[in-house]
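J.: The structure follows.
The values are calculated or read from the model by the stated rules, or taken from the named source; none is laboratory data. No experiment lies behind these values; they were computed from the predicted model shown. Cβ placement follows ideal geometry from the backbone for every residue including glycine, while neighbour counts extend to all protein chains displayed.
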Amino acid sequence: MYTEEKKKNTKYGSIFVYCFFGLVLVVGVVRYAKPYYNLQNLMETGAVIEEAFLDELSVPARNHQKLSSTVKEETRTRPPISYCVKFESFSTMANLVKDNGDKYESRPFSAGGYNWTFLIYPNENKPEGSGGYISLYVKIDNSSLITYQNEVYAWIKFLTYQSKTDTYYEFHATEAQRFHLFKQEYGMLNFLEIGYYQNPAYGFIFNGGQSVFGVDIVVSKPSATWEDASFEENIRDPVLDWRITSFSIHNLASYTSDTFSSGGRNWVLKVYPNGVGSATGNSLSLYLLSASSEKGYVKANFRVINQTPSNNVVKQVDGWPNAKENGWGVDKLVPLADIKDPSKGFLVKDTIRFEVEILAFSRTDSISN
Ligand SMILES: *[C@@H]1O[C@H](CO)[C@@H](O)[C@H](O)[C@H]1NC(C)=O
Ligand SMILES: *[C@@H]1O[C@H](CO)[C@@H](O)[C@H](O)[C@H]1NC(C)=O
């Protein structure tokens, strides 16, 4: 039943699209001369349009000048999620609000953690520029804006009940709307033409004059936690000097230095005297590790000190962790053969010296709202 209805609407929708280009001028003129819902007027404009009005009591396609790609109209069975206003008599309400700026303002209601009111303008050209249309607005309670934060994003859908089809006609912008102290209201100036609420045959007026308007407000909550990424540079802490004595008698796979601090973060060095991974058995491997298991970017200089300073081995680490256990390092730092060869000058009194200078690293801080 619902699907069928929908199909029909689509069909007439497309007929309207085709008709529209031919009729744009005529319709335009008629619209300004008389409200669009006056079907009699449109019928007089030609045979083409007659077909479109076979189902004249359903909601006709809107004047396309009012629709942009960011505004959608739909029909649904699901009731409004945030608030509904039912008028026992639409026409009485429309008369009474003339003394109240031509608007009906609902009681405050809560949606998405904020207080709102729903505004219904049932009369012609109120607010100004709405022509023969009903206008619907929502207004955010500005005390929420003052107390909590200064802007709120929310998706707003306006609805009205059509008893004939037992569905809600929905009209909404696809983008979330931004509310803040200087923009506390948002709405549709041209929701539906007032004529639909004057003739019960359309189904928007039912049970002897009742009508229902509703709104969905879905607040987009800003993400609760943030990561603030920054880069530490110009680190002034001294170079770490790590000496391993009695190097040749060390026979474990790896050794870790004491914790040292640089740039406000704690680090350790880890050496694999006989290499690790692809370097196993051929080169010494050296890694810098974050003592607090931070990941991220690091730039550091590694040096293996030679007794002849010009022969120091210098390698730079520059990037994201490239080793297990959150480490940054160099697999093949110095060939084992060079270390073992006393004439190369890396081992002095069976002591090897490494220096590490941390130049930069990334820092991320978690921020919770
Ligand atoms: C909404 O209104 C109620 C009743 O006036 C009030 O207690 C509550 O604090 C308001 N909430 C916000 C978010 O302003
Ligand atoms: C907040 O809303 C009230 C009632 O609508 C209005 O009188 C007042 O001027 C508004 N305050 C601000 C700061 O916009």
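J.: Please enumerate the residues belonging to region 207-260 that are assigned to a strand (DSSP E or B) and under 30 Å from ILE194 (Cβ atoms).
T.: GLN210, SER211, VAL212, PHE213, GLY214, VAL215, ASP216, ILE217, VAL218
J.: Name the residue that is farthest from SER220 (Cα to Cα), counting only residues in region 111-146 that are within 16 Å of ligand 2 (Cβ to nearest atom) and assigned to a loop (DSSP other than H, G, I, E, B).
T.: Filtering region 111-146 for residues that are within 16 Å of ligand 2 (Cβ to nearest atom) and assigned to a loop (DSSP other than H, G, I, E, B), the one farthest from SER220 (Cα to Cα) comes out as PRO127.
J.: Report, by residue number, each residue of region 147-190 that is farther than 27 Å from GLU124 by Cβ, in a strand (DSSP E or B) and within 15 Å of ligand 2 (Cβ to nearest atom).
T.: Of everything in region 147-190, those that are farther than 27 Å from GLU124 by Cβ, in a strand (DSSP E or B) and within 15 Å of ligand 2 (Cβ to nearest atom) turn out to be GLU151, VAL152, PHE179, HIS180.
J.: Just checking, which of GLU128, GLU124, GLU105 is assigned by TED's automatic domain parsing to the domain that holds HIS172, touching a Leu at 6+ places or on another chain (Cβ under 8 Å) and more than 15 Å from PHE204 (Cβ to Cβ)?
T.: That would be GLU105, the only listed residue that is assigned by TED's automatic domain parsing to the domain that holds HIS172, touching a Leu at 6+ places or on another chain (Cβ under 8 Å) and more than 15 Å from PHE204 (Cβ to Cβ).
J.: Considering only residues that are surrounded by fewer than 11 Cβ atoms within 10 Å (Cβ to Cβ) and of a type in the set (Asp, Glu), look in region 201-234 and name the one that is farthest from the chain's Cα centre (by Cα).
T.: Looking at the filtered set, the residue picked out is GLU233.
J.: Of all the residues that make up region 132-169, how many are in contact with a helix residue (DSSP H, G or I) (Cβ under 8 Å, 6 or more places away or on another chain) and either away from ligand 1 (no atom under 16 Å from the Cβ) or not assigned by TED's automatic domain parsing to the domain that holds PHE87 (or both)?
T.: The total comes to 7.
J.: Same structure, new question: Would a scan of region 202-210 turn up a residue that is at pLDDT 95 or above, away from ligand 1 (no atom under 16 Å from the Cβ), within 26 Å of ILE140 (Cα to Cα) and in contact with a strand residue (DSSP E or B) (Cβ under 7 Å, 6 or more places away or on another chain)?
T.: Within region 202-210, not a single residue is at pLDDT 95 or above, away from ligand 1 (no atom under 16 Å from the Cβ), within 26 Å of ILE140 (Cα to Cα) and in contact with a strand residue (DSSP E or B) (Cβ under 7 Å, 6 or more places away or on another chain).
J.: Search region 339-365 for residues that are in the same structural domain as SER310 (by TED's automatic domain parsing) and pair each with any residue that is surrounded by 15 or more Cβ atoms within 10 Å (Cβ to Cβ) and hydroxyl-bearing (Ser, Thr, Tyr) when their beta-carbon atoms are under 7 Å apart and the residues are at least 6 apart or on different chains.
T.: What qualifies is ILE358/SER262; PHE361/TYR297; SER362/TYR297.
J.: Based on this model, can you work out whether LEU119 counts as within 30 Å of the chain's Cα centre (by Cα) and at pLDDT below 90?
T.: No: the conditions fail for LEU119.
Table: residues versus (1) over 30 Å from THR165 (Cα atoms); (2) in the same structural domain as PHE118 (by TED's automatic domain parsing); (3) β-branched (Val, Ile, Thr).
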residue: PHE206; (1), (2), (3): no, yes, no
residue: GLY209; (1), (2), (3): no, yes, no
residue: GLY214; (1), (2), (3): no, yes, no
residue: ASN234; (1), (2), (3): yes, no, no
residue: PRO238; (1), (2), (3): yes, no, no
residue: TRP242; (1), (2), (3): yes, no, no
residue: THR245; (1), (2), (3): yes, no, yes
residue: ILE249; (1), (2), (3): yes, no, yes
